[in-house]
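Read the structure below first, then the notes.
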Amino acid sequence: MGRRPVTVRLARWSAEHPWRAIALWVVFVAVCFVGGNAAGLNEAGNADQAVGESGRAGLIVADGDFHDPALENVLITPRTGTLDPAAAKAAADDAAARLRLVEGVAGVGAPVPSRDGGALLLPVTMSGDPETASDRVQPLRDATAGVQAAHPQLRIEQVGGPSIGKALDDTLGEDFKRAELLSLPVTLAILVVAFGALIAAGVPVLLALSSVAAAMGLSTLASHLVPATDTTASVILLIGMAVGVDYSLFYVRREREERAKGRSGLDAVEVAAETSGHAVVVSGFAVIISMGGLLLVNDAVFSSLAVGSILVVAVAVTGSLTVLPALLAKLGRWVDRPRVPVLWRLTASRTGPDGRPARPRFWPAVLRPALRAPLATLVVSVGLLLALAAPALGMKLAFPGMEDVPRTTATMQAYDRLTAAFPSTGTSHTVAVRAPAEQADRVRAALTDLAGRAAADPLFAPAEADGPKVEVSADRRVSVLEVATPYASRTDEAARSLHELRDDLAPAALRGIPGIEYAVGGGVADSEDYAAHIRQKLPLVMAFVLALTFLVMAWTFRSVVVALTSIVLNLLSAGAAYGLLVLVFQGDWAAGPLGFTSMDAIVTWLPLFLFVVLFGLSMDYHVFVVSRIREGIRAGMTNRDAVAYGITSSAGVVTSAAVVMVGVFAIFATLSTIDMKQLGVGLAAAILLDATIIRAVVLPALMTLLGDANWWAPRFLRARPPAAPADPPAPAPELVGAR
């Protein structure tokens, strides 16, 4: 007998020494978590996240080392009718007097009337670190509330960067707290339904949570090599729970199935390791490859997401091969306790008179069209998926702007009134210039001329009464001008104003100055440049992921055809998810039910991230299902019977895993921000399509149609067939005759 696979040897050792394996896992998780906390997190800075011309503009501004304090505004408007100037002036004086007494206020400026006289603005400068201003703004808001109470005939509101930041932090904090509170019970409830026993349901959650904890610590350590961003922890939690639960689910269900055949606990664990354990390793490697493709984007955000995802998947795979067999061996039949009476009868692996597991009834009925009429089934199902994917051809990419922030808070409602009364406080472009200090006066004159030309153009906001404000650094090497536009950041007019500034106004004003370097940045530029960056990198990432996934699948299944069909089916799944996203979010019909305002675009980073996540997670199901089909082939079944066996025997666990993922991802669709809604809907819909139409209809129809050609490979790729797994059940009789 040949040497057993490493998955089997690891599982055998863990099952024979359960307490050692469990203790080693606990120590590993604790060391990773504590070590990560001790090392501290290294967060990505502006230089790490600079992309395109807007990124260069940001670096030039940072080089100027400007004192840029946090600014707040008290906005005074009438509740009805026109603004009474005397009443507004009295309220502004009252607000100024109160705010000057508040700790954290560096100064209060003179009131500024709007151009039409319908509003009065009182600027307030905060002291201290601008990065922490949101945490310190509440006393100012309390003082403004006091002014409002003293002048009830007016609407007196506070709005500014710190206030908006605090409002968003409060909203997002409540959102994520609700998501965290819901995700765990939802996952447990679905697993209880899947297993019919509480301990069996708890084991996958335990492995997933411990994998997430270890990966959090490891990612903190890794941040000293690849700087982390504030989204890394959320993605580790999302991916870690998904793959951790999936891998455990595959393993535990196979172990239960083998015990139902009469195998001992140790033998059942060994068979599960040889089959499901091998599938876990392959699918985990596929996820790691997909996430590794994000490193090619050369972007701090995607690099940090890639490292975090790779670590949590690697830890989850390790746990499923070591501590999971130990837990199952130690628990034995206690894993099926305590049983939930009705659910247990529905989910337990029952056996027939011959000792084999009882045949399912639902999935053979679903599978019958694919086996009896594979060509027609394939054409219809693929046609439907392509029709669903077609809207993706019209996908637009954009960064979410201030207009996409939920208007449920008073701060955002005040922001709308502020930008309506004072257009220059809304969208603006940043012209950043770096030149020798002796050219500072010439640069200032050029920027002043540029501001004047822009003010005469309807694409830009009118000139301010006190003239353009050109900031110059202390060493006179860096100069900055803000050029406002009255249009929202994602409108065509805002984009045209950016291109006019970059292509015409800025070159005309600044050319000829010796040693000059300049760039135009700002919110509109960030969105435009990042969208262009993603469009440039997406084909490279896709090519990398597709090529390496093909090699892994071809080597694993010793079949070029299986590898190619894997790629095609996953591309079909991703395309359908893209099309569904465009249908839902580039229109208004779903805005009411999902609670969002359409931005007529998809969030810039989402297509790339969605592709690698979906491609990786879809491989979980594909590897598991095709592995079962190959078991049937090795046991001597015909191709059609092996397809029937593989689909029906894996359908329950694939469905359970998919329902867990869909349930968790759907929670993200309930969050307030548009990017989280799109992420939740995209992931949930794609997993649902993948686990149902792709795996239960398209895959069996395609593999039935191809027949023995499924397993073709060139001579160098072929390997001697290993021993077949013991006793695969025969397919349902109604499917055997479906020739």
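Anything in segment 450-491 that is in a loop (DSSP other than H, G, I, E, B) and hydrophobic (A, V, I, L, M, F, W, C)? List them, or say none.
Ala456, Leu459, Phe460, Ala461, Ala463, Ala465, Ala474, Ala488
Consider Arg263 against the criteria (1) under 27 Å from His17 (Cα atoms); (2) touching a residue at least 24 places away in the same chain (Cβ under 8 Å); (3) open to solvent by 10 Å² or more (accessible area, probe 1.4 Å); (4) not acidic (Asp, Glu): it satisfies all of them except one. Which criterion is unmet?
For Arg263, the exception is condition (2).
Let me confirm something: among Gly646, Gly616, which residue is within 23 Å of Thr549 (Cα to Cα), at pLDDT below 85, of a type outside the set (Lys, Arg) and open to solvent by less than 10 Å² (accessible area, probe 1.4 Å)?
Gly616
Can you name the residue in segment 112-131 that is of a type outside the set (Asp, Glu) and open to solvent by 50 Å² or more (accessible area, probe 1.4 Å) and is also nearest to the chain's Cα centre (by Cα) among such residues?
Ranking the candidates gives Pro130 first.
Given Ala445, Ala474, which one is open to solvent by 20 Å² or more (accessible area, probe 1.4 Å) and without any contact (Cβ under 8 Å) to a residue 24 or more places away in the chain?
Among Ala445, Ala474, only Ala445 is open to solvent by 20 Å² or more (accessible area, probe 1.4 Å) and without any contact (Cβ under 8 Å) to a residue 24 or more places away in the chain.
Only one of (1) of a type outside the set (A, V, I, L, M); (2) in contact with a Gly (Cβ under 9 Å, 6 or more places away or on another chain); (3) open to solvent by less than 10 Å² (accessible area, probe 1.4 Å) fails for Pro227. Which number is that?
Going through the list (1) of a type outside the set (A, V, I, L, M); (2) in contact with a Gly (Cβ under 9 Å, 6 or more places away or on another chain); (3) open to solvent by less than 10 Å² (accessible area, probe 1.4 Å), Pro227 breaks only (3).
Among the residues of segment 598-613, what is the count of those that are over 20 Å from Phe544 (Cα atoms) and either among the charged types (D, E, K, R) or touching a Lys or Arg at 6+ places or on another chain (Cβ under 8 Å) (or both)?
4
Which condition number does Ala635 fail, the rest of (1) surrounded by fewer than 24 Cβ atoms within 10 Å (Cβ to Cβ); (2) within 19 Å of Ser566 (Cα to Cα); (3) of a type in the set (A, V, I, L, M) being met?
Result: Ala635 passes all but (2).
Go over the candidates Pro111, Pro18 one by one and state the one that is within 30 Å of Ala420 (Cα to Cα), in contact with a helix residue (DSSP H, G or I) (Cβ under 7 Å, 6 or more places away or on another chain) and not hydroxyl-bearing (Ser, Thr, Tyr).
Exactly one residue qualifies, and that residue is Pro111.
Anything in segment 313-335 that is closer than 13 Å to Gly202 by Cβ and open to solvent by less than 10 Å² (accessible area, probe 1.4 Å)? List them, or say none.
Leu324, Leu328, Val335
Being under 26 Å from Ala420 (Cβ atoms) and touching a Phe, Trp or Tyr at 6+ places or on another chain (Cβ under 6 Å): is that true of Glu464 here?
Against the criterion (under 26 Å from Ala420 (Cβ atoms) and touching a Phe, Trp or Tyr at 6+ places or on another chain (Cβ under 6 Å)), Glu464 does not qualify.
Does Thr485 satisfy the condition of being closer than 23 Å to Leu75 by Cβ, out of contact with any Lys or Arg (no Cβ under 7 Å at 6 or more places or on another chain) and crowded, with 16+ Cβ neighbours inside 10 Å?
yes
Please state which of the following conditions Ile76 fails to meet, knowing it meets all the rest: (1) open to solvent by less than 50 Å² (accessible area, probe 1.4 Å); (2) free of Cβ contacts under 8 Å to residues at least 60 places away in the same chain.
Answer for Ile76: the failing condition is (2).
Restricting attention to segment 391-405, and to residues there that are modelled with pLDDT of 90 or more and not hydrophobic (A, V, I, L, M, F, W, C), which single residue is surrounded by the fewest Cβ atoms within 10 Å (Cβ to Cβ)?
The extreme case among them is Gly394.
All but one of (1) surrounded by fewer than 18 Cβ atoms within 10 Å (Cβ to Cβ); (2) among the charged types (D, E, K, R); (3) over 30 Å from Thr430 (Cβ atoms) hold for Asp68; which doesn't?
All conditions are met except number (3).
Among the listed residues Leu198, Leu184, which satisfies the condition of being farther than 19 Å from Tyr251 by Cα and out of contact with any helix residue (DSSP H, G or I) (no Cβ under 6 Å at 6 or more places or on another chain)?
None of the others qualify; the one that does is Leu184.
If the Cβ limit is 6 Å and pairs must be 6+ apart or interchain, which residue in segment 448-460 that is of a type in the set (Lys, Arg) pairs with which residue that is surrounded by 19 or more Cβ atoms within 10 Å (Cβ to Cβ) and assigned to a helix (DSSP H, G or I)?
Arg453/Leu505
Is there any pair linking a residue in segment 15-33 that is under 14 Å from Gly319 (Cα atoms) to one that is open to solvent by less than 90 Å² (accessible area, probe 1.4 Å) and of a type in the set (D, E, K, R), with Cβ under 8 Å and at least six apart or on different chains, and which?
Ala15/Glu270
Against the definition (touching a residue at least 40 places away in the same chain (Cβ under 8 Å), within 39 Å of the chain's Cα centre (by Cα) and open to solvent by 20 Å² or more (accessible area, probe 1.4 Å)), how does Glu464 come out, yes or no?
In short, no.
Filter segment 315-330 for residues that are among the small types (Gly, Ala, Ser) and more than 14 Å from Val245 (Cα to Cα); which is farthest from the chain's Cα centre (by Cα)?
Across segment 315-330, the extreme among qualifying residues is Ala329.
Can you name every residue in segment 601-659 that is under 19 Å from Gly292 (Cα atoms) and in a loop (DSSP other than H, G, I, E, B)?
The answer is Trp605, and nothing else.
When you check Val681 against the structure, is it in contact (Cβ under 8 Å) with a residue 12 or more places away in the chain, in a helix (DSSP H, G or I), out of contact with any Pro (no Cβ under 6 Å at 6 or more places or on another chain) and over 24 Å from Pro539 (Cα atoms), yes or no?
no
The values are calculated or read from the model by the stated rules, or taken from the named source; none is laboratory data. Since the structure is predicted, the reported quantities are computational estimates derived from the model, not experimental observations. Backbone-built Cβ (ideal geometry, glycine too); neighbour counts: all protein chains shown. Protein only, heavy atoms only, side chains kept; ligands, DNA and RNA dropped before computing areas. Shrake-Rupley method; radii C 1.70, N 1.55, O 1.52, S 1.80 Å.
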